[in-house]
1. Considering every residue within region 32-54, establish whether at least one is assigned to a helix (DSSP H, G or I), modelled with pLDDT of 95 or more, crowded, with 21+ Cβ neighbours inside 10 Å and not charged (D, E, K, R).
2. Mind listing whichever residues of region 1-22 are in contact (Cβ under 8 Å) with a residue 12 or more places away in the chain, farther than 17 Å from ALA38 by Cβ and exposed (fewer than 13 other Cβ atoms within 10 Å of the Cβ)?
Amino acid sequence: MNTTIDRVSPEVAVLALDGELDASNYRELITTGSSLYADGARSLILDLSNLAYMSSSGIVALHSLALIFRGQLPPDPEAGWAAIHAVSADTAAGEAADQVRLVNPTPAIDSVLERTGLRRILPVYPDRNAAIAG
């Protein structure tokens, strides 16, 4: 997966994902998001328009970013099923994470977001401008 970062302002970063988000690269995404947060970003726009595939590891990565941008610690990725259960608990509680916004997911990715409940906690926008305006 390739990523491109665009700092809209000191507080807002757009991170475009291109390719596949899976076990081989999801930690890099979490690390990138953590670095942006540490550098002062408080809103993260994830452009998913070129993301072709997302595995369960990608679901953990998106949830981890939501937690990071809420100022919380994400579950340890090494925790395996505990990280997946944390996603389930958060989506069941309906704790929205407006600090992380998703842009233009492909139909396949949108289906994953819907089935996992991530759409309930991560708002989805049709384009970058709408997500930035939030």
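1. Yes, the conditions are met somewhere in region 32-54.
2. The answer is ASN2, THR4.
The values are calculated or read from the model by the stated rules, or taken from the named source; none is laboratory data. Quick caveat, the model's predicted, so the values are computed rather than measured. As a convention, Cβ positions derive from the backbone with ideal geometry for all residues, glycine included, and neighbour counts pool all protein chains shown.
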